[in-house]
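Engineer: What follows is a single structure, and I will ask about it in a moment.
The values are calculated or read from the model by the stated rules, or taken from the named source; none is laboratory data. Because the structure is a prediction, the values reported are computed rather than measured. Reconstructed Cβ throughout: ideal geometry from the backbone, glycine too, with neighbour counts over all protein chains shown.
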C-alpha cells in the first residue's frame, strides 16, 4: 500500500527514519511549520527555518523517493511573543506562496490568548485572500473549546469549511469537527494524543468521510511510521480496505490538492530512487554506496 | 562577455513564446512588464515565486539551432538542460531596467535570501547573463557551498561564470566539490583552460583517499590533472588503467593522453570527451 502522512516534522527526523518511511510505503508527506521545542528569539531564525522547509528538507526527502510538501505559518505558542510575531507575519508572504506550499499551518490556539487569536486571524485572512487550505493545530488544554473557537473564527474570516483541516482530534472532538464540515485529522502518538487502536475504533464508528490519519512525528516521543502501522491494524481488524485507503492516502490528497501544488499524476507513478544521480558523500550519503534504480517497495 | 548583437533577454523571450501555453505566456508578459516598470523588492520576490503557479517545470528543449546561437552569443553558456520555469524566472530577472545598478544587486540578494530550491536554480543560472558579473562573486561561491546538487550545478555547470570570475581558491573548491557530490565535471565550462599544479595535487589526494577507503575513484577525477600530474600523477593513472573498473580504466587512459599537452580537442581527449563517463548521459 501507499501512504500520505500529511503532518510530520521531517526536519527533526534522521535519514534512517525517512528511509524506513519510504520502505513502509509512505510516498508523500506534509511538513507544517511549528515551534522547535523552545522559543525562537528573532525573525531570522524563522526565515532560516521556513527556508529549510522549502529547500533542504524537500531535497532530503526526495533522495528517498518521498515527495515533500509543506505548510507555512506562525504557530500559536510563539504568537504570544507579540513583537516577534509581528515581524514573522510580515515575512510570511515571502514563503507562503512558494512552490509546494500546500497550506497555511499549523496555526491556531495553544493557551487561547488574545495574542494567539490576533495571529490566527491575520493568517486566516491571508489564506482567504490567496484561496489556500488551512491546517489548524488544536490545543492540548481546553481542546474542545479550542476547536470550537478555531472553527468559528475561521468561518467568520471566510475560510470555506472544505479548506479547513482541524488536527489532533480525539473521540471527544470528532463530531463537532465533522458536523462543521471541516476535515478531521488525528495524530497517532504512542502515549498521548491518540493510539492506533483508538483510531481503528473511530474509523469503524464514523467511516472514512473527511477523516485523516497522521503521525505529527517530531523531536519528541513519536512514530514516523504511525500512518502505515495504523493502516495495518485497521486491515487486521476488518476495516474495509477502501476506507483504510481514504483515511491514510486519499483524503489528505483530496483536501491538500486544492492548493494546486500537488501533481497527482506524478505521485501515481512509482518513485525511482537514484542517489547516484544527485548525491555524493558530502550530501546526505556519507560514503555508502548510492541506491540505484531500486524502486521504493510498497 | 556577450557579443554585441546577442541579447539574452530577447533570446529567452523567443524560446518561451514558442513553448508556453497562452495563459502562461500572458502571465509572464504581464509580470515582465510589471518588473520593467520598476517594482518593490517584496513584489519582485513574489513574482519569482508565482512563476511556479503559471509556468510548468518541463524541459526547455531549446534545440540545436538555438543552442548554437547561445554558444555564439556567449561562449560557454549552455541552456540545453534548463526547464521552462527556470527560463521564465531568468527572463523576469532580465526585465529589470536597473540591472547594472546597486538597487538591482540589493533586490537580487533579497531574492536569494528568500528563495526555494527552484528559485535558487534560476537565480544562479542567471548570473552569467548579468552585466557587472564581478559584483556577484561572493554569492556564486556561496552557491557552491550548497549540498543540494541541482543548485550546485546551476552555478558550476554550463556557464562561463566561474571560470571567468572565481579566484583560485574558489575555482579549485568548485572542481573538487563537483567530484565529491557527483556533479558532472565535464560540464564545468573552461575547466581545460584553468588546470593547475595545485588542483592536480588536490585531485590526486582525493584519489588516494578513495583508494585507502577501498572505494572507486570517480572517472571524471582524472580530468582535473591535465598536464600537471607529474610523476605521482602518471603512476596513479597507470595504476588505475591496470586495476580500476572498466569506466575508471578508460577514463585514466584518456587522461594519460592529456599529460603531454597537444591539441586535446583534435585528439579526442578534451573535457567534452569525458561525457562518456557521466552516468546521466550514458543511461
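Engineer: Quick check: is even one residue across region B:70-77 farther than 18 Å from residue B:13 by Cβ and free of Cβ contacts under 8 Å to residues at least 40 places away in the same chain?
Structural biologist: Checked against the condition, which is being farther than 18 Å from residue B:13 by Cβ and free of Cβ contacts under 8 Å to residues at least 40 places away in the same chain, region B:70-77 yields at least one hit.
Engineer: Now for a separate question. State all residues of region A:126-173 that are touching a helix residue (DSSP H, G or I) at 6+ places or on another chain (Cβ under 8 Å) and in contact (Cβ under 8 Å) with a residue 60 or more places away in the chain; if no residue qualifies, say none.
Structural biologist: Selection gives A:132, A:133, A:137, A:139, A:162, A:163, A:165.
Engineer: Moving on to the next point. Taking region A:196-215, which residues are under 17 Å from residue A:138 (Cβ atoms) and either within 18 Å of the chain's Cα centre (by Cα) or crowded, with 22+ Cβ neighbours inside 10 Å (or both)?
Structural biologist: A:199, A:210, A:211, A:212, A:213, A:214, A:215
Engineer: Can you pull out the residues in region B:52-74 that are more than 19 Å from residue B:8 (Cα to Cα) and not in a loop (DSSP other than H, G, I, E, B)?
Structural biologist: Passing the criteria: B:52, B:53, B:54.
Engineer: Just one of B:220, B:209, B:240 is in a helix (DSSP H, G or I), surrounded by 14 or more Cβ atoms within 10 Å (Cβ to Cβ) and within 14 Å of another protein chain (Cβ to nearest Cβ); which is it?
Structural biologist: Details: B:209 fails: surrounded by 14 or more Cβ atoms within 10 Å (Cβ to Cβ); B:240 fails: within 14 Å of another protein chain (Cβ to nearest Cβ).
That would be B:220, the only listed residue that is in a helix (DSSP H, G or I), surrounded by 14 or more Cβ atoms within 10 Å (Cβ to Cβ) and within 14 Å of another protein chain (Cβ to nearest Cβ).
Engineer: Could you check region B:108-137 and list, in sequence order, the residues that are more than 13 Å from chain A (Cβ to nearest Cβ), over 16 Å from the mean Cα position of the chain (by Cα) and either under 20 Å from residue A:62 (Cβ atoms) or part of a helix (DSSP H, G or I) (or both)?
Structural biologist: Residues satisfying the conditions are B:108, B:109, B:134, B:135.
Engineer: Residue A:47 passes all but one of (1) in a helix (DSSP H, G or I); (2) within 30 Å of residue A:269 (Cα to Cα); (3) facing chain B (nearest Cβ under 10 Å); which number fails?
Structural biologist: (2)
Engineer: When you go through A:129, A:111, A:99 one by one, which is the residue that is away from chain B (no Cβ under 14 Å) and either buried (at least 24 other Cβ atoms within 10 Å of the Cβ) or out of contact with any strand residue (DSSP E or B) (no Cβ under 6 Å at 6 or more places or on another chain) (or both)? First the steps, then the outcome.
Structural biologist: Working: A:129 fails: away from chain B (no Cβ under 14 Å); A:99 fails: away from chain B (no Cβ under 14 Å).
Criteria check complete, one pass: A:111.
Engineer: Please note which helices (runs of 4 or more DSSP H) are completely contained in region A:240-298 and include at least 3 residues that are at pLDDT below 95, within 9 Å of chain B (Cβ to nearest Cβ) and closer than 18 Å to residue A:63 by Cα.
Structural biologist: Here the list reads A:275-278.
Engineer: Would you mention how many residues in region A:19-44 are in contact with a helix residue (DSSP H, G or I) (Cβ under 6 Å, 6 or more places away or on another chain) and in a helix (DSSP H, G or I)?
Structural biologist: Total satisfying the criteria: 1.
Engineer: Let me ask you something else. Inspect region B:2-9 for any residue being under 19 Å from the mean Cα position of the chain (by Cα), part of a loop (DSSP other than H, G, I, E, B), within 14 Å of chain A (Cβ to nearest Cβ) and at pLDDT below 95 and give the result as yes or no.
Structural biologist: No, region B:2-9 has no match at all.
Engineer: Looking at region A:63-84, which of the residues that are surrounded by fewer than 20 Cβ atoms within 10 Å (Cβ to Cβ) and in a helix (DSSP H, G or I) is nearest to the chain's Cα centre (by Cα)? Give the derivation first.
Structural biologist: Of the residues in region A:63-84, the ones surrounded by fewer than 20 Cβ atoms within 10 Å (Cβ to Cβ) are A:67, A:77, A:80-84.
Narrowing further to those that are in a helix (DSSP H, G or I): A:77, A:82-84.
Values: A:77: 17, A:82: 25, A:83: 27, A:84: 24 Å.
Filtering region A:63-84 for residues that are surrounded by fewer than 20 Cβ atoms within 10 Å (Cβ to Cβ) and in a helix (DSSP H, G or I), the one nearest to the chain's Cα centre (by Cα) comes out as A:77.
Engineer: Identify all residues within region B:243-266 that are farther than 16 Å from residue B:186 by Cα and part of a loop (DSSP other than H, G, I, E, B); write none if there are none.
Structural biologist: Passing the criteria: B:244, B:245, B:259, B:260, B:261, B:262, B:263, B:266.
Engineer: Determine whether residue B:237 is under 20 Å from residue B:272 (Cα atoms) and touching a residue at least 24 places away in the same chain (Cβ under 8 Å). Lay out the reasoning, then the answer.
Structural biologist: Numbers: under 20 Å from residue B:272 (Cα atoms): yes; touching a residue at least 24 places away in the same chain (Cβ under 8 Å): no.
It is false that residue B:237 is under 20 Å from residue B:272 (Cα atoms) and touching a residue at least 24 places away in the same chain (Cβ under 8 Å).
Engineer: Further question on the same structure: Can you spot a residue in region A:118-125 that is without any contact (Cβ under 8 Å) to a residue 40 or more places away in the chain and over 23 Å from residue B:42 (Cα atoms)?
Structural biologist: Our first condition is that a residue be without any contact (Cβ under 8 Å) to a residue 40 or more places away in the chain; within region A:118-125, this holds for A:118, A:121-122, A:124-125.
Applying the additional criterion that residues be over 23 Å from residue B:42 (Cα atoms) yields A:118.
Checked region A:118-125: at least one residue is without any contact (Cβ under 8 Å) to a residue 40 or more places away in the chain and over 23 Å from residue B:42 (Cα atoms).
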